[in-house]
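Heads up: the structure comes next, in structure tokens.
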Amino acid sequence: MNNDSLTIKELLDKRFPMLSEDVKTIISEEASLAKVDKGQLMTRMGNNLRNIVLIADGSVKVYREGEDGEIFLYYLEAGDACAMSLICATKHETSEVMIVASEDSQVILLPAAIMEKLMKNHKNWYQFVVETYRTRFEELLNTFDSVVFKKLDERLIAYLQGQAEKTGSPVLQITHQQIADDLHSTREVISRLLKSMEQKNILAINRNSLVLKTDIGLK
């Protein structure tokens, strides 16, 4: 079945099986469904967040913005909740991150007022929120460790592995500039590293795509 034809309740059943039937029923009655195009900016630092964001289909990228550009933090995929929206919407604070759709996606938007009721009356939702915070915190620690402790070539290998696992394909539809932006580097540096990997027969460089030839790893 095409996910575009599914109702909110059906998407919740498919993507959020950990939620109780009571919680899914309340969300399906109170939330709205929105389509987001690839590359669309969903929010950025300083914007107001009035809804809890649940990823029903597709994926989005979360960045931290700074004076020198953006730093890629992590992906949110189908079945994930945006931890920043959980915090900011309920506390009426502005966003501390930028979120961009990495592919055509569907998101479930739950008003903050409903979140407060769920937290008070449904332990299952409370557990889901706590698990969301824990998962995002671990991803932030992984990002911090990568930036501080790993060399750029190691980060690039880990990044390409993650992209291949996420898409389920060795063909990565991505440009050198996009990789550079995500790794907070420059296109020239990334291009040199990719060229070196191509010379080692690890991957092939095509226009706007890379093809991984082996299970790349640190030797």
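The residues neighbouring residue 52, those whose beta-carbon lies less than 11 Å from its own, together hold a net charge of -1 under the Lys/Arg +1, Asp/Glu -1 convention. Looking at segment 98-219, the accessible area is 59 square angstrom per residue; that uses a 1.4 Å probe and ignores ligands, DNA and RNA.
Taking 0.36 nm per residue of separation and subtracting the Cα-Cα distance, what length does fully extending residue 68 through residue 121 add? Present the calculation step by step, with values, prior to reporting the outcome.
Working: separation 53, 0.36 × 53 = 19.08 nm, distance 4.37 nm.
Full-extension gain reported as 14.7 nm.
For segment 139-219, the share of accessible area belonging to carbon and sulfur comes to 51 percent (1.4 Å probe, ligands and nucleic acids excluded).
As a fraction of the 1.4 Å probe accessible area of segment 60-109, surface on carbon and sulfur atoms comes out at 45 percent. Segment residue 75..residue 34, full-extension length gain: 12.9 nm, with 0.36 nm per residue of separation and the alpha-carbon distance subtracted. Let me make sure I get this right: for segment 47-105, a, b and c are the square roots of the gyration tensor eigenvalues over alpha carbons, sorted descending. Under 1.5 in a/c it's rounded, otherwise prolate if a/b > b/c, else oblate. Which is it? It comes out oblate by the Cα gyration axes. In the complete set of protein chains, residue-level accessible area for residue 196 is approximately 40 Å², probe 1.4 angstrom. Compared with the alpha-carbon gap, the fully stretched path from residue 208 to residue 92 is longer by 37.7 nm at 0.36 nm per residue.
Could you compute the FRET efficiency for residue 144 and residue 189, with r as their C-beta to C-beta distance and R0 at 22 Å, rounded to 0.05? Calculated value: 0.60.
Return the subset of 61/91; 9/117; 24/166; 35/195 for which the Cα-Cα distance in this structure is over 29 Å, preserving the input order.
From 61/91; 9/117; 24/166; 35/195, over 29 Å: 35/195.
Beta bridges assigned by DSSP with both partners in the chain are antiparallel in approximately 100 percent of cases. Think of a 1.4 Å ball rolled over the protein heavy atoms: segment 1-97 then has 51 Å² of accessible area per residue. Computed over the chain, the alpha-carbon pair-distance distribution with 5 angstrom bins reads 1, 6, 13, 18, 18, 15, 12, 8, 6, 3, 1, 0, each value a whole percent. Counted over all Cα-Cα pairs of segment 91-133, pairs farther apart than 16 Å make up 58 percent. Over the chain, DSSP H runs of length four or greater, each weighted -39,500 (n - 2.57), average out per residue to a 222 nm ellipticity of -14500 deg cm²/dmol.
The values are calculated or read from the model by the stated rules, or taken from the named source; none is laboratory data. Remember, predicted model here, so these are calculated numbers, not experimental data. Positions of Cβ are backbone-derived with ideal geometry, glycine not excepted, and every protein chain shown enters the neighbour counts. For the accessible areas, the whole protein counts, side chains as well, though only heavy atoms, and no ligand, DNA or RNA atoms are used. Shrake-Rupley method; radii C 1.70, N 1.55, O 1.52, S 1.80 Å.
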